[in-house]
Amino acid sequence: MLTAVKLVDQWAALERRLPPDWETVALRLTMEQPGELGEAARILGPMNVGHVGDRLAVTVRRAGGASGPEAARRLFARLDRGRIWCVLEQEAIGTRDADAERVPERQATPVAEMWEAALAELPSGWSDLLCLLELGSSALLPRAALLCAPLNPTRERGTVGFTFRCASRTGYGVSPEMARRCFERLDEEGLEGTVSVLRVVSDTDNVATQGPVWYVGGKAL
């Protein structure tokens with residue numbers, strides 16, 4: 001039986017021991033209950049968690065972002081609240097190379113900003129959209145589906161993501177404003193993804209119908 005010490009406290013103690021010039025630290029998490037490995041991996045999905053045998057592997061990056069110290073602290077706290085007890089071990093530390101040219105880390109574009117950019121490219125009279133939300137990891141799918149429930153997301157085969165419909169007026173589909181609020185929820189939790197418009201219909205006038213129907217691969221969307 002492993003000692004049930006909060007993961008947030010273990011991380012705080014480990015972080016205090018890191019050298020001043022640390023850039024990355026590779027961590028391994030061992031579950032007290034092996035059956036909770038999958039749930040822990042789901043929660044830590046935004047950090048691009050990996051599996052090493054019966055342990056989870058994550059890398060915390062000092063530069064911040066979805067794998068930064070604050071993100072790690074927030075996700076570790078979620079494990080603590082769920083009483084998923086783990087032991088945290090340090091594997092390796094990457095330090096700053098003073099002689100090497102620093103390459104700025106790529107900053108992911110917030111999904112909400114991608115959505116606004118996609119809408120800006122549409123014709124002014126658009127009325128109905130078929131859209132795709134793609135995620136960086138399959139581990140993010142359950143959480144993203146919950147945060148984006150108002151989109152009525154449909155699992156898209158062959159991609160790690162969902163399709164959804166959007167309507168500018170009446171008809172079948174979420175409003176553009178509600179879609180943005182869903183994407184802001186993803187951004188707040190550090191879930192990286194991309195959103196794109198697959199099909200667009202303009203100037204429709206719905207009569208005794210909820211709107212146009214798209215058939216893709218023989219399936220109505």
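The values are calculated or read from the model by the stated rules, or taken from the named source; none is laboratory data. Just so it is clear, the model here is predicted, and its values are computed rather than measured. Virtual Cβ from ideal backbone geometry, glycine too; neighbours counted across all protein chains shown.
Pairing each residue of the stretch 76-96 that is farther than 15 Å from THR59 by Cα with any residue that is among the small types (Gly, Ala, Ser) and modelled with pLDDT under 90, provided the two are 6+ apart or on different chains, yields C-beta distances under 7 Å for TRP85/ALA4. If I filter the stretch 160-181 down to residues being within 15 Å of the chain's Cα centre (by Cα) and at pLDDT below 95, which single residue comes out as nearest to SER137 (Cα to Cα)? For the stretch 160-181, the residue satisfying everything is VAL160.
Residues in the stretch 13-33: is at least one of a type in the set (D, E, K, R) and touching a Phe, Trp or Tyr at 6+ places or on another chain (Cβ under 7 Å)?
Restricting attention to the stretch 13-33, the residues satisfying the condition of being of a type in the set (D, E, K, R) are 15-17, 21, 23, 28, 32.
Of the ones still in play, those that are also touching a Phe, Trp or Tyr at 6+ places or on another chain (Cβ under 7 Å) are 32.
Yes: one or more hits.
Within the stretch 95-130, the set of residues being modelled with pLDDT of 90 or more and small (Gly, Ala, Ser) comprises ALA112, ALA117, ALA118, ALA120.
Name the residue, out of GLU36, GLU32, that is farther than 16 Å from ILE93 by Cβ, over 24 Å from the mean Cα position of the chain (by Cα), in contact (Cβ under 8 Å) with a residue 24 or more places away in the chain and not assigned by TED's automatic domain parsing to the domain that holds LEU146.
Values: GLU36 fails: over 24 Å from the mean Cα position of the chain (by Cα).
After applying the criteria, what remains is GLU32.
Of the candidates PRO150, PRO123, the single residue that is assigned by TED's automatic domain parsing to the domain that holds GLY190 and outside any helix (DSSP H, G or I) is PRO123.
Would you check if there is a residue in the stretch 68-84 being among the small types (Gly, Ala, Ser), farther than 25 Å from ALA144 by Cα and modelled with pLDDT of 90 or more?
Filtering the stretch 68-84 down to residues among the small types (Gly, Ala, Ser) leaves 68, 71-72, 77, 82.
Imposing the further condition that a residue be farther than 25 Å from ALA144 by Cα reduces the set to none.
Checked the stretch 68-84: no residue is among the small types (Gly, Ala, Ser), farther than 25 Å from ALA144 by Cα and modelled with pLDDT of 90 or more.
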